[in-house]
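Okay, so here's the structure we're looking at.
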Amino acid sequence: MSKKGFSHKNIESVRKGPGVYKLYNPQGSMTYVGKAKDLPNRLGQHKNEGDIPNVSKFEVRHTDTTREAEKVEKNIIQRSNPVHNLKKP
C-alpha cells in the first residue's frame, strides 16, 4: 500500500472491488479506517461528503471478499484506534 493524495483523480485510479482504506490527515496520522465493496465508490463518497475532516492522503488494500475486508478493518482499528473510528458514548 502506498499513500496517495486525496484527489478525485487518485480515487478514480483505484481498482474497483472490495477492500480496506485508511485516511490520513496532513500530519500523516491515520484518522479513519473503513471497508468497502467498491473502493473507489466509497472513497469518492467520503471526498464528496467531507464527512471525515482534514483528509490529505489515503491508502487502499484490496481483498478477495467483503468478509475478508471486514476482518482486516477490525484488526487495523483494534491495533491503531483511529480517532474517527472511536465509538461515541
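Rule-based calculations on the coordinates, nothing more; no lab input. Note that the structure is a prediction, hence the values are computed from the model and not measured.
Around the amide H of F6, modelled in the peptide plane, lie the amide H atoms of K57, F58, all under 5 Å away and 5 or more residues distant in sequence or on another chain. Applied to region 63-79, the Karplus parametrisation 6.51 cos²θ - 1.76 cosθ + 1.60 on θ = phi - 60° returns per-residue 3J(HN,Hα) values of 10, 6, 9, 5, 5, 4, 4, 4, 5, 5, 4, 4, 5, 5, 4, 5, 6 Hz, with x for Gly and Pro. Across region 37-46, coupling constants 3J(HN,Hα) worked out from phi with the 6.51/-1.76/1.60 Karplus curve, θ = phi - 60°, read 8, 9, 4, x, 5, 5, 4, x, 4, 4 Hz, and Gly and Pro carry x.
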